[in-house]
Each structure stands twice: as C-alpha cells, then as structure tokens.
Amino acid sequence: MTTLMTVLVSTSVYAAKPAPQLLTPSNHTLVLIDHQPQMAFATKSIDVATLRNNTVALAKSAKVFKVPTILTTVAAKSFSGPIFPEIQAVFPDQKPIDRTTMNTWEDDNVVKVVKSYGKKKIVFAGLWTEVCIVGPALSAIADGYEVYVVSDASGGVTTEAHDMSMQRMIQAGVRPITWLQYLLELQRDWARGATYNAVIGIAKEHGGAYGLGAIYATEMFNAKEGK
C-alpha cells in the first residue's frame, strides 16, 4: 500500500508542472503576417497549396482555443492583394491591419494591439520568412518577448532564404514550431473534452496522414484518443 501511494503521489507531482516554454491557450498571441497572393507568387520554399493548408489549420487552431490573433497585410489595396480568403473565413469579422512597413514591429498599430493583450509570448507565421518574419521576430525578442515561429506556415523566395532565416532567428532565441505541433501543444490532454472534437476535426481536414488515420480509426472502430 505504501509503495502504491508513493507511486501515485510521485505521478501527480510530476504531472503538475509542464515546462514554462510550452504554449498554452492563455499565454501567447498569434500574429499572421502577409499571407497574400502577391507574396505567395514568389514563395518557393514550400508548395503554396501546402502553405495555404497549413496556415488555415494554424488559424483554426488558434480560434478553437480562443488565442488572441492578429491579422496583418502589406499594401493590400495597391500591390499584394487581400489576405488568403480561407484565413479571413476563420475570422470573418476581423479586419487585417494593413501596413507599409516590411517589419511589422515598426507599425505602431500592430504593436499597440500586441501590447493590449498583455502576453509575453508571441507566435509568428507569414511571408516571406527572410523579411517579414525575421524583422518582427528579432525586434520582439529585443523588446523582451518570447518568440515562436511556425515554420511550415511561413515561406521564403528560396529554400535557402527560408532555412537561413530560420537559423538566424533560432540563433537569436526564436523557438521553431509547426502548425500540428502548435495544435497538439494547446490541446495537451485528450481528456479536455471542450476542445477535443474541434481539434480532431482540424486534424482530419488538414493533418495529412495523421488526419487520415484519425478518420480510419473513427469510422472502422469508433476509436477515440484518450480512451
């Protein structure tokens, strides 16, 4: 009995404190930058169809967990075009903040909104990695924020441009992450029933082989994570 109680107590102690570096629904802001046609035309480090899939999955993930999300564009009316329609559809009532600056962090309107949320962690994704993500990522770090970049919802004009930019940011302290990692990091526990169905729905629609596996398990065996 004593041994069993010791095991139970030890398990509960270790389960109580997830790493502070992990993202939670309440500890960060998501900023989506320049997911626009003109920017996508020159993106070569990732297939644009894959980029669109990943970015809308990221946006849906943030919405499910009620993460404060900022949409921003550059020269939407005069050059780059509107934000991807599937992103706007996730946030139909939210007007993207349009900028002239390549570095989002140099736009007062965006930074004011970031500061209004009061979160010290920021997650960035956008086009292009080597310009419109490097700039705000390094700038936010300099201002004391913890910065994460969703690498597969971002892209550069070449694979080298994207990769070198990711390396440069990592050297400065940025934490790289992918959209599916983001989704599952926010869910964290399959017993969290309030978001379970939505999370699995996103995985089924956008999660490639993992999503197909979830569809198969549900249809064939009525299987469910966490049981």
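Per-residue ellipticity at 222 nm computed for the chain from its helices equals -15000 deg cm²/dmol, with DSSP H segments shorter than 4 residues left out and the rest contributing -39,500 (n - 2.57).
Structure note, pairs LYS77/LYS121; LYS119/LYS224; LYS115/LYS204; LYS66/LYS120: Cα-Cα distances above 23 angstrom occur for LYS77/LYS121; LYS119/LYS224; LYS115/LYS204.
Per residue, the accessible area of the chain comes to 51 Å², computed with a 1.4 Å probe over protein heavy atoms only. Excluding same-chain neighbours fewer than eight residues apart, no lysines are reachable from LYS44 by a Cα-Cα span under 21 Å.
Once the Cα atoms of helix 2-15 and of the chain are each reduced to a long axis, what angle between those two axes, in degrees from 0 to 90 to the nearest 10, is obtained? The helix 2-15 is inclined about 10 degrees to the chain.
Counting only protein heavy atoms and a probe of 1.4 Å, the accessible surface of the chain is 60% carbon and sulfur. Charge tally around GLY155: other residues with Cβ under 13 Å, Lys/Arg +1 each, Asp/Glu -1 each, net -4. Fully extending the segment from LYS95 to LEU212, taken as 0.36 nm per residue of separation minus the present Cα-Cα distance, adds 38.8 nm. Taking trypsin sites (Lys or Arg not before Pro) across segment 46-102, the ones in a DSSP loop with at most 13 further Cβ atoms lying within 10 angstrom of their Cβ are LYS66. In the chain, the longest principal axis of the Cα atoms and the axis of helix 108-117 are about 10 degrees apart. Against the chain, whose longest principal axis is taken from its Cα atoms, helix 208-221 shows a tilt of about 40°.
Using the Cβ-Cβ distance between ARG192 and VAL48 with R0 set to 35 Å, the FRET efficiency works out to roughly 0.55. For segment 84-147, the set of chymotrypsin sites (Phe, Trp or Tyr not before Pro) satisfying both a DSSP loop assignment and a count of at most 14 other C-beta atoms within 10 Å is empty.
Average projection, convex hull of the Cα set of segment 110-188: 5.2 square nanometres.
The values are calculated or read from the model by the stated rules, or taken from the named source; none is laboratory data. All of these numbers come straight from a predicted model, not from anything done at the bench. A quick note on method: Cβ atoms are made from the backbone with ideal geometry, for glycine too, and the neighbour counts reach across all protein chains shown. Protein only, heavy atoms only, side chains kept; ligands, DNA and RNA dropped before computing areas. Shrake-Rupley method; radii C 1.70, N 1.55, O 1.52, S 1.80 Å.
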